[in-house]
Structure formats: C-alpha cells, structure tokens
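A short write-up of the structure that comes next.
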Amino acid sequence: MSMVLFASVVRVGDGLPLSASTDYEQDKELQETKKHLKGLSKKLGQFPDRCTLKTGPYNVNFTSSLGVGYMMVCMASYPNVLAFCFLDELMKEFIVTYETKRIVSAVRPYSLIEFDTFIQKTKQRYNSPRSLSTKINLADMQTEIRLRPPYQLSPEDLQAINGLSVHAAAKYKGIAPTQLLEPVTLPGIVSCVLSLLCGGLNLLRGVHAIESILQNDNEDFNYVIAFFLGTAACLYQCYLFAYFSVWRNSKSFLAFALICLSNMYLYELRNMWQILFHVAVGAFMTLQIKLRQLLGKAPDYNV
C-alpha cells in the first residue's frame, strides 16, 4: 500500500530535530531506514536541497529551505510528485508558523513538537488520495520536478551519510547535482571537438594579431578583440553543452550570435569558406546544446 509513514523537521546546521510525526511502526526495516534518516539529518547542508534515497521497500525524501530540512519516509511505490507536495506543504506551514529567531535559538530536541499536529493531519490527507483531488496542485510540482529533479542518493552517498567518507558529500555543492543532463552522444562529442578547434584557431590568430600590432602601429586592435571574443564564445558553448545552467539555450544562442558578429567583423582577414566553417560549427554546437535535455522527468500521476 502506497503511503507516507514518517515525517520530521530538522535544523540544517546541526541536524537538531525540531518536530516529528508520532511513530507507531515497529517494522525492523522501517526502523533501519529511520537510522539513515537520522544520519542524513546531520549532513543535509552537504547535499542538494532536494533528494531521494531508496532503501529497500522504502524511500527517504527530503527538501530544505532557509536553514530547515523537511524529511519523510514513504513506501517505494509512493509517487515522487506526491511525496514532494507533502514536504512542500510542511515547509510552507512551518515558515508561516515559526520565526527564524525561534528556530535558531532552539536548544533541546523537539522544541517545536506541537507542529506534529499539522504533520499528522497532512500525513492522513496524503494517505487518502481521494481527499487530495481538489486540495493540491499536482501540475506545478510535476513541472518543478521535471525541471529540477531530486538527486538520487547512491550507496556511496549512504556511506558518506554514515560517516565512512567525510569528504564524499562535498562534491554535491552547487546546482549541478540536481540538474542531470542526458548522456553525451557522438554528434555532441564531434560538435565539442570542432568548437574547441574553432576556439583554438581564433586564439592563435588573436596572438598573431597582437604580434602584428606590436610591429606595426597601423594595425587595428579591434581585430584582436574580435578573435578573442570568438574564442570565448566557442569555449562558453562547450561549457553550456557539458553543464547545466539557467537559461542555457538562450545563453547558447547569444554565444552563437557573438560568433557570427565576430566573423562578420573579420571578413577582411578570412575568406568566405573560413567564415562559413566557423558559423556552421557554432550553429551545430547550438543545436547540440538544445538537444541535450535534462534527465528525470516526473511521471504523471492522476489522483
């Protein structure tokens, strides 16, 4: 049976539990899963702000915001979109209910245990899907998870959580872990190689242009700028292809526009075939960036 089994609210800085749902479950596997939950709560700041850990028949999901982490254990069959809608409701209510000063000043575990009342009510609602049909907006969370899928914690991450590798979790700092791109294809590799080649050619011609200026004062320094701008645009497109970035496609198109403009300015120093080659490579690279989409689309779930 798909259901939410346990939920807790912790302080991200030190893992101090602030509140939790009442636990009546005595299942050994569930108790073992909750041990992972306890270990994870002490290292939330080392992981992305939205994660899922699969442990046998159960999933551990968590999200964090403003120094507070919201964690839950559910059956593995429970839909991700509902799990993170549940955590999102806890987060919104907690932010409205408690001031930051009270959260920071908490010293004893479960200082805000009265929040358990809201956790229990919300858990009951999410364990009765029929009651959810008119009370939550699944479309928004589906879009959010599709654009920014939760990071799937691995056994290696679990070792880091349990203290077997104190440095392993540091690699998850920043946005990259939560933004996984599709595997690189052969056309993508070819486009990167060609783009690096164009960047190298621009850099080489730029250096020669500087040498020419030093020898002849009549040379136009703007040519040097055009060559180096072309180099920067080619390298930036390679970066956008390899890593996720906000407004990635728009940035790629702007880099391609810069490649076109720099080559138009250099028409006196390059023949038509050279200009077409640089522009074609830039266009090919832009296409490959657009085609390499995010992984981890959320499955549709109709309550």
*Given Cα pairs under 8 Å that are at least 6 residues apart, what percent is the relative contact order of the range 43-104?*
23
*Measure off, as a whole percent, the carbon and sulfur share of the 1.4 Å-probe accessible area of the range 204-291, all protein chains present.*
69
*Please give the contour-minus-distance gain from Thr117 to Gln31: 0.36 nm per residue of separation, less the Cα-Cα distance, rounded to one decimal in nm.*
28.8 nm
_In order through the range 186-198: 3J(HN,Hα) via Karplus (6.51 cos²θ - 1.76 cosθ + 1.60), integer Hz, x for Gly, Pro_ = 4, x, x, 5, 4, 5, 5, 4, 5, 5, 5, 4, 4
*Please work out how much length the chain gains when fully extended from Lys38 to Leu196, using 0.36 nm per residue of separation minus the C-alpha to C-alpha distance, in nm with one decimal.*
52.2 nm
*Among rounded, prolate and oblate, which fits the range 206-266 when a ≥ b ≥ c are the square roots of the eigenvalues of its C-alpha gyration tensor, a/c under 1.5 means rounded, and a/b larger than b/c means prolate?*
prolate
*Rounded to the nearest 0.05, what FRET efficiency is calculated for Ser212 and Val279 with R0 set to 25 Å and r the Cβ-Cβ distance?*
0.55
*asked:* From the phi angles alone, apply the Karplus equation (6.51, -1.76, 1.60; θ = phi - 60°) to the range 55-68 and give each ³J(HN,Hα) in whole Hz, x where the residue is Gly or Pro.
replied: 10, x, x, 10, 10, 9, 10, 8, 9, 9, 7, 6, x, 10
*Just grab the label-to-label distance for Leu269 and Asp140, each label 7 Å out from Cα along the Cβ direction, in nm (one decimal).*
5.3
_J(HN,Hα) series, the range 76-93, from Karplus relation 6.51 cos²θ - 1.76 cosθ + 1.60, nearest Hz, glycine and proline x_ = 4, 7, 6, x, 4, 4, 6, 4, 7, 5, 4, 5, 5, 5, 4, 4, 4, 5
*Using a 1.4 Å probe over the heavy atoms of the protein chains, calculate the carbon and sulfur portion of the accessible area of the range 54-153 as a whole percent.*
55
*Filter the chymotrypsin sites (Phe, Trp or Tyr not before Pro) in the range 76-110 to those in DSSP coil with at most 11 other Cβ atoms within 10 Å of their Cβ, and list the result.*
none
*What FRET efficiency do you get for Asn249 and Ser77 if R0 is 25 Å and r is their Cβ-Cβ distance, rounded to the nearest 0.05?*
0.10
*Solvent accessible area, Å² - Glu268, 1.4 Å probe, full protein context*: 120
_Inter-label distance for Ala257 and Ile225, nm, one decimal - labels placed 7 Å from Cα along Cα-to-Cβ_ = 1.8
_Rounded Å value of the spacing that divides the Cα centres of the range 237-289 and the range 2-19_ = 48
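The values are calculated or read from the model by the stated rules, or taken from the named source; none is laboratory data. As the structure is a prediction and not an experimental result, all values here were calculated from the model. Cβ: placed from backbone, ideal geometry, glycine included. Neighbour counts: every protein chain shown. The area values use the complete protein model at the heavy-atom level, side chains included, leaving out ligands, DNA and RNA. Shrake-Rupley method; radii C 1.70, N 1.55, O 1.52, S 1.80 Å.
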